[in-house]
1. Relative contact order of the chain: what whole-number percent is it, with Cα pairs under 8 angstrom and at least 6 residues apart?
2. Summarise the long-distance tail of P(r) for the range 489-733 by giving the % of C-alpha pairs beyond 21 Å.
3. For q values of 0.10, 0.24 Å⁻¹, compute log₁₀ I(q)/I(0) with the Debye formula on a Cα-only model of the range 80-196, without solvent.
4. Take the eigenvalues of the Cα gyration tensor for the range 71-119, scale each by 5, and report the square roots as semi-axes in whole Å, largest first.
5. Taking the number of other C-beta atoms within 10 Å as the exposure measure, put 681, 314, 142 in order starting with the fewest.
6. Inverting the mean 1/r over all pairs of different Cα atoms, compute the Kirkwood radius of the range 260-345 and quote it in Å.
7. For the chain, give me the percentage of DSSP beta bridges that are antiparallel, rounded to the nearest 5 percent.
8. What spacing in nm lies between the two simple spin-label points modelled at residue 387 and residue 283, each 7 Å away from Cα in the Cβ direction?
């Protein structure tokens, strides 16, 4: 037993000694060739090799010296040293190896997986492989990559030289090239590619970045490519490659593995600020939030103090200390805002005060008077809507801005408030009836354009004072009753328009147009008539301005155009083809800039031709916006419509308009030239106007013809087309369909 233990102990000692000797031999085996290689390099011919120095740990600049080092660099130095060359690595400035091959500054370029042509198409010659380089795919999260067929792979542009070799190995693969690794990763995360491809050694460096922790290496998809150097295929370069191949053949595989192991075990990746933020984002965010919170608290404190001061100032300026409502300053500000926000809403200013309020204070005491005023203010606030406001002007004087869109509601609410204030003291057991006088001013269109609240209040105060000076004890008085009645009637007209168009209250009438020379009915002008359900027949002179003031006239015009096209379609089917003139106003163009296109849609909808619609544009549009008129006219005529200038002679820019605007027909306003002034001068003007229009190559029609003498005079001046009461008044569509094709006086 002792002998066995001794033998075993002796064997263990021998094994340890042998292991030590092997370690020494391996160390010498590595050290001596490296030393010899270094000595050979120092003494050898300089060899300039271009590489991409952004592929750590294969090629990268030494942080201390700036010299290119790495797995590929050390192996190439060793091989070149064996061949008698000293290597000088240069960082490639070209975007790809193919372009770098054409740069004569490099003797060689690397690495290549196989021989490829240069960017200029020149063939290349490459060395034997220095080592088998593993390439691996990286995916975003775990994925099962069973096949390379049709796989979309992203690579950095510096690696595009290997793309041809990869496509030869995997013909079905789709390779997308990106400028940098971050761009590759972005494409992968956004699913523009299925995976990223790179050298496995490079991946071992890149994937140390904390923000890439969601990228997964796919070992099952690993394949190898040769690691070669290359140059343009020339006799000198072939000779250089042969010499290098002899050095590559002398490479010791163990030494190559030692170099790879050396660089693979180094911690080469160094965190930058973004990495630390990624790793410790929660802590950084907490710190930021903490300091932000301190800043917010400080700012909020300052704002709170400032807000309290502002609120105090506003309260002093804009709030009535007695009622808690608006002061005069606050009322003025709020009222101006409402009038600007609602320019189409009819408003009134109501000024009210209590008769003999001083007697109430003297007999019942000031606290009783204050209580009455607070009660009155509360009752008013109960009936006010969001678009209304009020204030206590001074003492017992109250001012209100109220909307008059509903007359019944307004009167009912006023009565309820006044009655409750009248009996305020009676309801509390005291025989004191409160009397209130009110003055009302109804706002006019000018008040919306030039808002002057003080002036409006003064006018309402005038009405209130006029009431107090009469025998009436209380009630209300209007400053402008005509405006009040007009506003109420306009409101009835405007609010009833949608119902009127649907119910048939609004009708399209036609006034025929004739050729006085031949007696033919050549067309008609479409006009609008309104038989209101409660107001009866309303004159166009009333409802058209009302609709224009509220911006609703375009709805009526669009309705008329559609009705005219319906009639034209029916007449076409009956074999009676007609041409109708319709009016186009500036309000229509303001409501819809695509008016020409709207007319095109109408004739397409009702199967009409453009010549059946004559578009009458009033001359006043040119005065207000000539550019809009010109562009609209050009589009209409381009679509084939006939454009007429309506009311010619009634404006102030007729001649200037004729110079700038191309129209097909001029409609001469005969009323303007014949209603006043010297008749002989009027006839002279008409004679020369007709001659001028014909000279300009335009058609002409005269409207407002009321006598036989006027008609004959116009015909003698070669203006045969006419329209007016002398021939026909505007008539309903049924009456228009009954007239013949000629004037009764022309057989």
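Here, each number is a calculation from the coordinates, and none is a lab measurement. What you are looking at is a predicted structure, and each value in this text was computed from that prediction instead of being measured. Please note: Cβ atoms are built from the backbone with ideal geometry, for glycine as well, and neighbour counts cover all protein chains shown.
1. Worked out over the chain, it gives 8 percent.
2. Above the 21 Å cut-off, the range 489-733 has 60 percent of its Cα pairs.
3. Rounded to two decimals, the profile gives -0.37, -1.44.
4. 21, 12, 10
5. The order, fewest Cβ neighbours first, is 142, 681, 314.
6. 19.1 Å
7. Roughly 55 percent of the DSSP beta bridges within the chain come out antiparallel.
8. Modelled inter-label distance: 6.2 nm.
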